[in-house]
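Trainee: Questions regarding the structure given below will be posed in turn.
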Amino acid sequence: TDHAVIIGTVGSSEPFMYLHGHYDVVPAFAEAQYAPEIRDGSLYGRGASDMKSGVVAMLLAAVIHRDLGGAGQVRLVYVPDEESGGADGSERMTELGLVDAAGCVGAIVGEPSFPNIWYAARGAFTIEVTVSGRPAHVGLHYTGDSAFERAHEIIARLLSWQDTVATRKTGFSIEPEAARSSVVLIGGTSGGGTNFNIVPDEFRFTIDRRPNPDEDYDDAKRELLDLLESFNGDHRMSIDILQDARPAGIPPDEPLLLSVRDNVTRTSGRHAPVSMCPGCLETRIYSQHGIPAVAYGPGPMSVMHAPDEHVPIANLLEACTVYAAVLGETLGYQPA
């Protein structure tokens, strides 16, 4: 029950549309985040931006669509485990065959994208590398084999490869220019050894590979694994896969995307930039099934995972209105 995938429906006929969100949040920074507060037109609290606000706006939009005589069916999907990879949430949905493409006209994921609409997202292939050595007392260091030194020989070669990967630019829309580069992050976490006076017998570090959606994801994974395998003759190492999430993307003229964009303008008068998400998104579980999916939510990306996490109430009202309008345009209305 701690990792329940919740799927609820409003309406009972096809076509249908998914409204998708995650209910897990990152750890709080302070006890005060557990006490929601409305201040200066915004709601402050743990998960307010990422993404309790999106979850609530989606639920209200589904009810509004029903009460206005909306046709079709809205499928509300709330998953756990998004903040830690999705293995017990969205990925499990796919494994259990709970994503249904027959009769589905689209999916909206309510991630904190404000002010943007995200029509594409990178993949995420994350591994932890463990390099093994042989311990020895510092006074007898010559009898040991430093896993730290071995690991850093590998890391030096990986850093050169990281520069090569960065020359690969996406054709999807994203700013600034530096954000178009394909991504490798080495050493997001790292460490090893048992004490300052012992030659370290183990050193671990992570590699977070984020291929752009217009790269071949399987080739990107294979490139990294083959590179590490080429080191294995000189170094004893093992590899654990921490995350394996495919990229996602739809054409810029996809009708669902245009409906969301145009309804943002009609609702609030603002222009919502259409761009690629700099991270990965759960739109991937729908795109893998040929379902057009976008991410658009009320939370400001700039304050998600932050001590002052909040959502402007105006954003909540905009998102709820846009979701309901898109449902009406996409699913239609019952004849009077």
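Trainee: Taking the alpha carbon gyration tensor of region 71-133, what are the square roots of 5 times its eigenvalues, largest first, to the nearest whole Å?
Mentor: With the √(5λ) rule applied to region 71-133, the semi-axes are 30, 17, 11 Å.
Trainee: Right, something else. What whole number of Å gives the distance from the Cα centroid of region 111-132 to the Cα centroid of region 302-336?
Mentor: Here the two parts' Cα centres lie 23 Å apart.
Trainee: Once the Cα atoms of region 195-278 are picked out, what are the Rg and Dmax in Å?
Mentor: Radius of gyration, then largest Cα-Cα span, for region 195-278: 21.6, 67 Å.
Trainee: Label points 7 Å out from Cα along the Cβ direction at residue 130 and residue 14: separation in nm?
Mentor: Those two pseudo-labels are separated by 4.8 nm.
Trainee: How large is the accessible surface per residue of region 1-141, computed with a 1.4 Å probe and reported in Å² as a whole number? Mind dumping the intermediate values first?
Mentor: On the way: 6010 Å² over 141 residues.
Result: 43 Å² of accessible area for each residue.
Trainee: Right, here's the next one. Roughly how tilted is helix 53-67, in degrees to the nearest 10 and between 0 and 90, from the longest Cα axis of the chain?
Mentor: With rounding to tens, the tilt is 30 degrees.
Trainee: Run through the DSSP bridge list for region 1-109 and note the antiparallel percent, rounded to the nearest 5.
Mentor: So the antiparallel bridges amount to about 40 percent of the total.
Trainee: Now for a different question. Size of region 57-190 along its principal axes in angstrom, Cα-based, largest extent first?
Mentor: That gives 80, 35, 26 Å along the principal axes, largest extent first.
Trainee: Among 302-308, 319-325, 141-147, what's the highest-first ranking by average C-beta atoms within 10 angstrom per residue?
Mentor: On the way: 302-308: 14.4, 319-325: 24.4, 141-147: 16.0.
Going from most to least packed, we get 319-325, 141-147, 302-308.
Trainee: Hey, what's the Cα Rg ratio for region 214-336 versus the globular rule of thumb, 2.2 N^0.38 Å?
Mentor: Against the empirical 2.2 N^0.38 Å value, I get 1.47 for region 214-336.
Trainee: Still on this structure, I have one more. Treating only the Cβ of Lys, Arg, Asp and Glu as charged (+1, +1, -1, -1), what charge dipole size does region 196-238 show about its Cα centre? Round to the nearest 20 debye.
Mentor: That gives region 196-238 a dipole magnitude of about 260 debye.
Trainee: Take peptides 217-227, 2-12, 201-211, 67-77 and line them up by average Cβ neighbours within 10 Å, highest first, as a rough protection proxy.
Mentor: Values: 217-227: 15.0, 2-12: 13.1, 201-211: 21.0, 67-77: 18.6.
Put in order of decreasing packing, that is 201-211, 67-77, 217-227, 2-12.
Trainee: Please report the antiparallel percentage of the DSSP beta bridges confined to the chain, to the nearest 5.
Mentor: Of the beta bridges lying entirely in the chain, close to 70 percent run antiparallel.
Trainee: Based on the Cβ-Cβ distance of residue 39 and residue 226, what FRET efficiency does E = 1/(1 + (r/R0)^6) give at R0 = 35 Å, to the nearest 0.05?
Mentor: The calculated FRET efficiency here is 0.10.
Trainee: If you count only protein heavy atoms with a 1.4 Å probe, what accessible area per residue comes out for region 195-336, rounded to a whole Å²?
Mentor: 44 Å²
Trainee: Same structure again: What are the extents of the Cα atoms of the chain along their three principal axes, in Å, largest first?
Mentor: Its Cα atoms span 87, 44, 40 Å along the three principal axes.
Trainee: Of all the accessible heavy-atom surface of the chain, with the other protein chains kept in place and a 1.4 Å probe, what percent is carbon and sulfur?
Mentor: Roughly 55 percent, rounded to a whole number.
Trainee: For all pairs of alpha-carbon atoms in region 156-239, what percent lies in each bin of width 5 Å, listed from the first bin to the last filled one?
Mentor: Result returned by the calculation: 3, 12, 20, 21, 16, 11, 7, 5, 3, 1, 0.
Trainee: OK, next. Hey, what did the chain get for relative contact order, percent, Cα under 8 Å, at least 6 apart?
Mentor: For the chain, the relative contact order is 30 percent.
Trainee: Another question, if that's okay. Find the centroid of the Cα atoms in region 216-264 and in region 51-109, then give the distance between the two in whole Å.
Mentor: 23 Å
Trainee: Relative to the longest principal axis of the chain, what angle (0 to 90°, nearest 10) does the C-alpha long axis of helix 313-331 take?
Mentor: 70 degrees
The values are calculated or read from the model by the stated rules, or taken from the named source; none is laboratory data. Note that the structure is a prediction, hence the values are computed from the model and not measured. Note: ideal-geometry Cβ built from the backbone for every residue, glycine included; neighbour counts use all protein chains shown. Side chains included, ligands, DNA and RNA excluded: accessible areas come from the protein's heavy atoms. Shrake-Rupley method; radii C 1.70, N 1.55, O 1.52, S 1.80 Å.
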